[in-house]
Amino acid sequence: MRYDDSPPPPESASSVSPDRPWYVRRSTLVVAVAALAPACLAGWVLTEVLGGGGTDDSRPPRIVMPLVSQTPAAAAGPGAAASGSASASPGASASASTDTNTAAGKSLAGRVVVIDPGHNTGNFKHTTEINRQVDIGTNRKECDTTGTTTNSGYMEAEFSMDVSRRLRTVLEAKGLKVVLTHEAGAERPFGPCIDERARIGNEARAEAVVSVHADGVSAGNRGFHVILPAKVKAKSADTAQIVEPSRMLGERIAGNFARTTGSAPANYLGGGTGLVVRDDLGGLNLSTRPKVFIECGNMRDAKDAAQLSSPEWRQKAAQGIADGIVGFLGG
C-alpha cells in the first residue's frame, strides 16, 4: 500500500486519574516489570527507510523504528510469531501476562470497534477530489489515495473491503458493535479522506480501530506488517494517550495473524517483528483511540498476491485480525 517513540515515561498508579479510559491506566505491577526490564528497550533500532511501504497516505515513510527484540523468542525468527508468542517486541510478554489494561474476561457485548477499509474502488475516478490536501498534524497530505493492485488488476480497495466485511461478521458474532468507516458504493463514491477516517473512530469512542490494507512494493518483498502510531504532538495531532494501547493492540494482531494465516512478518522492514512505527500517517496521527494499520501482504509479489486473491485466505486474515482485537479487549 502506498501511505500514512519511544513509549511515554512510566506513571505511578496513583498519578493516573480514575476517570481516564481503561486503556491508559497502568497497574503498579506493569510499572515494576518495565523498570526491571531495561534490556528489552536496548534492542530498538532507528532506521530511515528510503523506499517501500505505503498506506492511507501514499508516500514512503519518513521514520520507521523496527522493534527488534533481543529475547530468545524474537531471535527464533518468524516461527516465534507464528506460534502466537506475545514476545514479538520488547515488553510484549510482560503486557500479555501481567497488564490489566486489557481487562481479561470482560464482556464484549456492545463494545465498539471501528474497522477502516483502506481506500475506495471509486478513487481512481475521483483523482481531483482525493488529491485535496488535508492537515495530519505533522504536515499536509492527500485526502486519500487509489491504493495498489496485483499484476492481474485485483485492487487493494477490493481486498480491504472484503476482509473488513468478513472481519465485521466475525466480531459481531462475539457481541461487539462494529462500525465501518465506509461502504464503497453510490453513497461513498470516493474516500473518505484520511482525517474523516480518524474522526469516525474518535466520535464512535471505539476501544480499538484497525485500518486494513495491502502493500505495493517490489516483487520479492513478502509478508505482513502492523503499523503503530509514533508519539506525535503537532497542531491537531496528539497521540500520547494512544501510543501504548495501540502497541498492545498491534502485538496482539501480529501474533494472531501470523498463526492463523501462516504468513511471516515482512522481510523488508520491521526487523522481522512484523511491527513498524510511523509518524506520517494521518489516520494514526489524528486518532484519539487505540489504532493500528495492518498491511496484510504485498500485492506486487506473485506469491503474496495469490494469497491475497484467495477468498479462503482472506477469511483466515479476517479471523486472525479478529482474534487479535478480541485478545486486546480481554474477551
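The values are calculated or read from the model by the stated rules, or taken from the named source; none is laboratory data. No experiment lies behind these values; they were computed from the predicted model shown. Cβ: placed from backbone, ideal geometry, glycine included. Neighbour counts: every protein chain shown. Side chains are part of the model used for accessible areas, which takes the heavy atoms of the whole protein and leaves out ligands, DNA and RNA. Shrake-Rupley method; radii C 1.70, N 1.55, O 1.52, S 1.80 Å.
Do we find a residue being open to solvent by 10 Å² or more (accessible area, probe 1.4 Å) and modelled with pLDDT of 95 or more anywhere in the stretch 91-104? No: zero hits. Reported count of residues in the stretch 105-153, each being at pLDDT 95 or above, surrounded by fewer than 24 Cβ atoms within 10 Å (Cβ to Cβ) and among the hydroxyl-bearing types (Ser, Thr, Tyr), is 7. Selection of the stretch 211-225 for residues being open to solvent by less than 10 Å² (accessible area, probe 1.4 Å) and either part of a helix (DSSP H, G or I) or more than 21 Å from Ser310 (Cβ to Cβ) (or both) yields only Ser211. Only one of the listed residues (Ser246, Ser287) is crowded, with 24+ Cβ neighbours inside 10 Å, modelled with pLDDT of 95 or more and not in a helix (DSSP H, G or I). That residue is Ser287.
Of all the listed residues (Arg300, Arg278), the sole one being under 21 Å from Ser218 (Cβ atoms), open to solvent by less than 40 Å² (accessible area, probe 1.4 Å), at pLDDT 95 or above and of a type outside the set (A, V, I, L, M, F, W, C) is Arg278.
Once the stretch 249-271 is narrowed to residues that are surrounded by fewer than 24 Cβ atoms within 10 Å (Cβ to Cβ) and not basic (Lys, Arg), the residue that is nearest to Asp323 (Cα to Cα) is Asn256.
Screening Glu196, Glu158 for residues that are in contact with a Ser or Thr (Cβ under 7 Å, 6 or more places away or on another chain), open to solvent by 30 Å² or more (accessible area, probe 1.4 Å) and acidic (Asp, Glu) leaves exactly one candidate, Glu158. Pairs are defined by a Cβ separation below 6 Å, a sequence spacing of at least 6 or placement on different chains, a first member in the stretch 241-254 that is under 13 Å from Ala230 (Cβ atoms), and a second member that is open to solvent by 10 Å² or more (accessible area, probe 1.4 Å) and at pLDDT 95 or above; the pairs so defined are Val243/Lys231.
In the list Glu187, Glu183, which residue meets the criterion of being farther than 15 Å from Ala157 by Cα and not hydroxyl-bearing (Ser, Thr, Tyr)? Criteria check complete, one pass: Glu187.
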